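Peer 1: Okay, handing you the structure first.
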Amino acid sequence: MRRFRSSERGTTFALSSWFTLALAMAGAALADEPGKWLERMNEALTSRNYDGTFSHWQGGRVEMLRIIHRVQNGAVSERLVSLDGSGREFIRTGTNLACYLPDKRTVLVESRPAKESLLSGFPTINDQTASFYDLKEVTKTRLVGRDTHLITVTPKDEYRYGYRLWIDETTAMPLKTQLCDTHGRVIEQVVFASLTLSSRIPDAAFKPEISTEGFQWLRSGDDAIPPKDSGAVDPVVWDALKLPPGFKMTVRKAQTLPGSTDPVDHLVFTDGLASVSVFVEEKSHLNSSPDEPPVDESARVGSSSAFSTFIDGHKVTAVGEVPPATVRFIANSVQAGPHH
């Protein structure tokens, strides 16, 4: 039986160590790959020029829409149009979003983050969210004639929804997406029927097709809040005493809602992927009889959940694209504290 000399044993050990390290590095790279696809997808959605039509399924109802997105000299323009008869259009220029609602003869104007696409809501996994979601590439498959990577984002608890995403290998665009409940059932789906990436999209593509003559124009956001007296101080601030794991407050501000002149407190809680908005309104501003006892209310609108309750003479409403248990948890945790 041949014996290895010490130099040979050292070489063998070095090769073995290198092979083990290479396997570990390959495994780490493989584990990180789904996250890279999500990064590429979100980058494509916000930085590419594209024009596509897609079907949106939610609650048994299917709607066809067209999305046009352009980045030109650093400025973002977007237009989302319903193709199924309602005529609703959403046109964004920078941070300004105009919602044209012909069925209500109304145009609602509001602010929107500059980097947030009208095709928003897609997951981004970072250090904050990684603890609460499992990320996996399930398979490679063909969809509408393109090679895609199927990525799943699965929540680790009952407080958030999950995703399935078919990401185009060449363009990194999401050709099909599904929002799933805690049991893996599909509650919302988007599938592209056509998608064109163009180097140039004309300004005319971002003009509304409908006439707004006689429409009511409403502005939502800080611009609509009347200035307070210089000596006025809010007596309380609102916060949540307890939150689902991973959630934290990212926004606290006063805001007016469309059609109202009274400001409400607006809080936003997020885990970095899912988010919940909370609106706190004085009960005296509500159109309800003072003799009627307050009643908690729950509602589901498509993939969004809402829950309202009454706390210290205020109506607290939590709404978000999360399971019903999450909005109920957060709304019931909201309390008033002293102003600092």
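The values are calculated or read from the model by the stated rules, or taken from the named source; none is laboratory data. Here the structure is a predicted model, which means the values were calculated and not measured. Don't worry about glycine lacking a Cβ; one is built from the backbone with ideal geometry, like all the others, and counts go over all protein chains shown. Note: accessible area is taken over every heavy atom of the protein model, side chains too, but ligands, DNA and RNA are not part of it. Shrake-Rupley method; radii C 1.70, N 1.55, O 1.52, S 1.80 Å.
Peer 1: Condition (residue is under 17 Å from GLU321 (Cβ atoms) and open to solvent by less than 30 Å² (accessible area, probe 1.4 Å)) applied to region 208-221: is it met by at least one residue?
Peer 2: Checking region 208-221: not a single residue is under 17 Å from GLU321 (Cβ atoms) and open to solvent by less than 30 Å² (accessible area, probe 1.4 Å).
So that you can scan it fast, the table gives a plain yes or no per residue for (1) closer than 20 Å to GLN189 by Cα; (2) buried (at least 18 other Cβ atoms within 10 Å of the Cβ); (3) free of Cβ contacts under 8 Å to residues at least 24 places away in the same chain:
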residue	(1), (2), (3)
VAL107	no, yes, no
PRO113	no, no, yes
THR124	yes, no, no
ASP147	yes, no, yes
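Peer 1: Is it true that LEU150 is more than 18 Å from the chain's Cα centre (by Cα) and not in a loop (DSSP other than H, G, I, E, B)? Lay out the reasoning, then the answer.
Peer 2: Working: more than 18 Å from the chain's Cα centre (by Cα): yes; not in a loop (DSSP other than H, G, I, E, B): yes.
Against the criterion (more than 18 Å from the chain's Cα centre (by Cα) and not in a loop (DSSP other than H, G, I, E, B)), LEU150 qualifies.
Peer 1: If you don't mind, there's one more thing I want to ask. Name the single residue that is least open to solvent (accessible area, probe 1.4 Å) among those in region 44-66 being out of contact with any Ser or Thr (no Cβ under 8 Å at 6 or more places or on another chain) and assigned to a strand (DSSP E or B).
Peer 2: Per the stated criteria, the residue is PHE54.
Peer 1: Given (1) assigned to a strand (DSSP E or B); (2) touching a residue at least 24 places away in the same chain (Cβ under 8 Å); (3) farther than 20 Å from MET173 by Cβ, identify the lone condition not met by ARG92.
Peer 2: So ARG92 meets the others, but not (3).
Peer 1: Within region 68-89, does at least one residue satisfy the condition of being assigned to a loop (DSSP other than H, G, I, E, B), in contact with a Phe, Trp or Tyr (Cβ under 7 Å, 6 or more places away or on another chain), modelled with pLDDT under 90 and loosely packed, with under 13 Cβ neighbours inside 10 Å?
Peer 2: No.
Peer 1: Picking from VAL186, VAL233, which residue would you name as being of a type in the set (A, V, I, L, M), over 29 Å from VAL109 (Cβ atoms) and at pLDDT below 90?
Peer 2: VAL233
Peer 1: Looking only at region 173-195, filter to residues that are in contact with a strand residue (DSSP E or B) (Cβ under 9 Å, 6 or more places away or on another chain) and part of a loop (DSSP other than H, G, I, E, B); which one of those is farthest from ARG66 (Cα to Cα)? First the steps, then the outcome.
Peer 2: First pass over region 173-195, keeping only residues in contact with a strand residue (DSSP E or B) (Cβ under 9 Å, 6 or more places away or on another chain): 173-182, 184, 186-195.
Imposing the further condition that a residue be part of a loop (DSSP other than H, G, I, E, B) reduces the set to 173, 181-182, 184.
Working: MET173: 15, ASP181: 26, THR182: 30, GLY184: 28 Å.
Within region 173-195, the match that is farthest from ARG66 (Cα to Cα) is THR182.
Peer 1: Return only the number of the condition from (1) modelled with pLDDT under 80; (2) open to solvent by less than 60 Å² (accessible area, probe 1.4 Å); (3) basic (Lys, Arg) that ARG300 does not satisfy.
Peer 2: In the conditions (1) modelled with pLDDT under 80; (2) open to solvent by less than 60 Å² (accessible area, probe 1.4 Å); (3) basic (Lys, Arg), ARG300 misses (2) alone.
Peer 1: Considering only residues that are more than 20 Å from LEU273 (Cα to Cα), touching a strand residue (DSSP E or B) at 6+ places or on another chain (Cβ under 8 Å) and either hydrophobic (A, V, I, L, M, F, W, C) or modelled with pLDDT under 95 (or both), which ones fall in region 143-168? Show your work before the answer.
Peer 2: Within region 143-168, the first condition is being more than 20 Å from LEU273 (Cα to Cα), and the residues that meet it are 143-149, 168.
Keeping just the survivors that are touching a strand residue (DSSP E or B) at 6+ places or on another chain (Cβ under 8 Å) gives 143-144, 146-149, 168.
Of everything in region 143-168, those that are more than 20 Å from LEU273 (Cα to Cα), touching a strand residue (DSSP E or B) at 6+ places or on another chain (Cβ under 8 Å) and either hydrophobic (A, V, I, L, M, F, W, C) or modelled with pLDDT under 95 (or both) turn out to be LEU143, VAL144, ARG146.
Peer 1: Tell me which of these ASP134 doesn't satisfy, since it passes every other one: (1) open to solvent by less than 60 Å² (accessible area, probe 1.4 Å); (2) free of Cβ contacts under 8 Å to residues at least 24 places away in the same chain.
Peer 2: ASP134 satisfies all of (1) open to solvent by less than 60 Å² (accessible area, probe 1.4 Å); (2) free of Cβ contacts under 8 Å to residues at least 24 places away in the same chain except (1).
Peer 1: Next up: Considering each residue of region 126-145, count those that are assigned to a loop (DSSP other than H, G, I, E, B) and farther than 16 Å from ALA172 by Cα, and give that number. If you could, list the steps in order and put the result at the bottom.
Peer 2: Of region 126-145, the ones assigned to a loop (DSSP other than H, G, I, E, B) are 126-132, 144-145.
If we keep only those that are farther than 16 Å from ALA172 by Cα as well, we get 126-132.
Qualifying residue count for the region: 7.
Peer 1: For region 196-206, which residues satisfy the criterion of being open to solvent by 40 Å² or more (accessible area, probe 1.4 Å), in a loop (DSSP other than H, G, I, E, B) and in contact (Cβ under 8 Å) with a residue 12 or more places away in the chain? Talk me through it step by step, then tell me what you get.
Peer 2: Going residue by residue through region 196-206, those that are open to solvent by 40 Å² or more (accessible area, probe 1.4 Å) are 196-200, 202-204.
From what is left, the residues that are in a loop (DSSP other than H, G, I, E, B) are 198-200, 202.
Within region 196-206, SER198, SER199, ARG200 qualify.
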